[in-house]
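**Q** One structure coming up, written as C-alpha cells, with questions to follow.
The values are calculated or read from the model by the stated rules, or taken from the named source; none is laboratory data. Computed from a predicted structure; not experimentally measured. Protein only, heavy atoms only, side chains kept; ligands, DNA and RNA dropped before computing areas. Shrake-Rupley method; radii C 1.70, N 1.55, O 1.52, S 1.80 Å.
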Amino acid sequence: MFALKKKYNDEIKGQLKNELNIQNPMLLPKLEKIVISVGAGDYAKDSKIMQNIADTISLIAGQKAIITKAKKSVAGFKMREGMPVGVKVTLRGKQMYNFLEKLIVISLPRVKDFRGVPRNGFDGRGNYSFGLNEQLMFPEVVYDDIMVTHGMNITIVTSTQDDKEAFKLLELFGMPFAKGR
C-alpha cells in the first residue's frame, strides 16, 4: 500500500523538477511528517473519554497516540499543570504515506457535501493544516465503540519553506483542494 511513495519517486519528483525549475534533486519538496491532534476541551476531566479519544486516533493513524498534558496552570481555563489537554500522534515514513493515501482516497470522499479542503491552510513556511469535524469518516472507526464525536487537526509538514511549492506537492499527491483562487 505504498502507492503514494512510489508515485512520488516515479512521477511527482520529475513533475516538480520541471514545474518548479529545480535542478538539484535534494532541493525538491517532500513530505516530512503528518501530525494529527485533538484538543480535549470539556472532556479533559474525564479520563475514560480521553482514553477513548486516544484509542480512536491510534486506530485512525495506525500508530499509538499520546495524551498531552498541560505544562502550566492557567486559572482562566481552569487548567492545572499535568492535566490532560489533548491527544496527538506524529506520523513519519510508511505510516505517514499510508495515512495520507487513506485520507485522500477513502476518507475525504466519504464526507457528505465535500467541496475540497481549504486552500488557505498554509502557514508561510510550507506546512499545511486543516481540520476535520468528526472521526466517523475513517473506515476503521466503529460507531458503537466511540463515546463522543470529536474533530481533529491535521498538519502536513513539508521540507520546503515556500507555500507555492508545498501546494504543488500536495496537489500532485492528489489532495482535493477547494476550487477557487
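**Q** Taking a quarter of the surface of the convex hull around the Cα atoms of the range 15-114, what do you get in nm²?
**A** If you wrap the Cα atoms of the range 15-114 in a convex hull and average its projections, you get 9.9 nm².
**Q** Find the accessible area per residue for the range 1-103; the probe is 1.4 Å, ligands and nucleic acids are left out, and the unit is Å².
**A** With all protein chains present, the range 1-103 gives 61 Å² per residue.
**Q** Just to be sure I understand the rule: take each whole DSSP H helix in the chain, project its Cα atoms onto its long axis, keep it if the span is 27 Å or more and its mean Kyte-Doolittle hydropathy is at least 1.6. Which ones pass? List each step's numbers first, then the result.
**A** On the way: long enough: none.
Helix filter hits for the chain: none.
**Q** Where the accessible area of the chain is counted over protein heavy atoms with a 1.4 Å probe, how much of it, in %, is carbon and sulfur?
**A** Roughly 50 percent of what the probe reaches on the chain is carbon or sulfur.
**Q** Which of the residue pairs Lys112/Lys168; Lys13/Lys102; Lys30/Lys94; Lys64/Lys112 have a Cα-Cα distance greater than 18 Å in the structure shown?
**A** Details: Lys112/Lys168 26 Å; Lys13/Lys102 21 Å; Lys30/Lys94 14 Å; Lys64/Lys112 28 Å.
Going by Cα-Cα distance, Lys112/Lys168; Lys13/Lys102; Lys64/Lys112 fall outside the 18 Å limit.
**Q** Please report the base-10 log of the normalised intensity I(q)/I(0) for the chain, using a Debye sum with one equal scatterer per alpha carbon and no solvent, at each q in 0.15, 0.18, 0.20 (1/Å).
**A** Those come out to -0.92, -1.20, -1.37, one per q.
**Q** If I take every Cα pair under 8 Å that is 6 or more residues apart in the range 68-111, average their sequence separation and divide by the length, what percent do I get for the relative contact order?
**A** For the range 68-111, the relative contact order is 28 percent.
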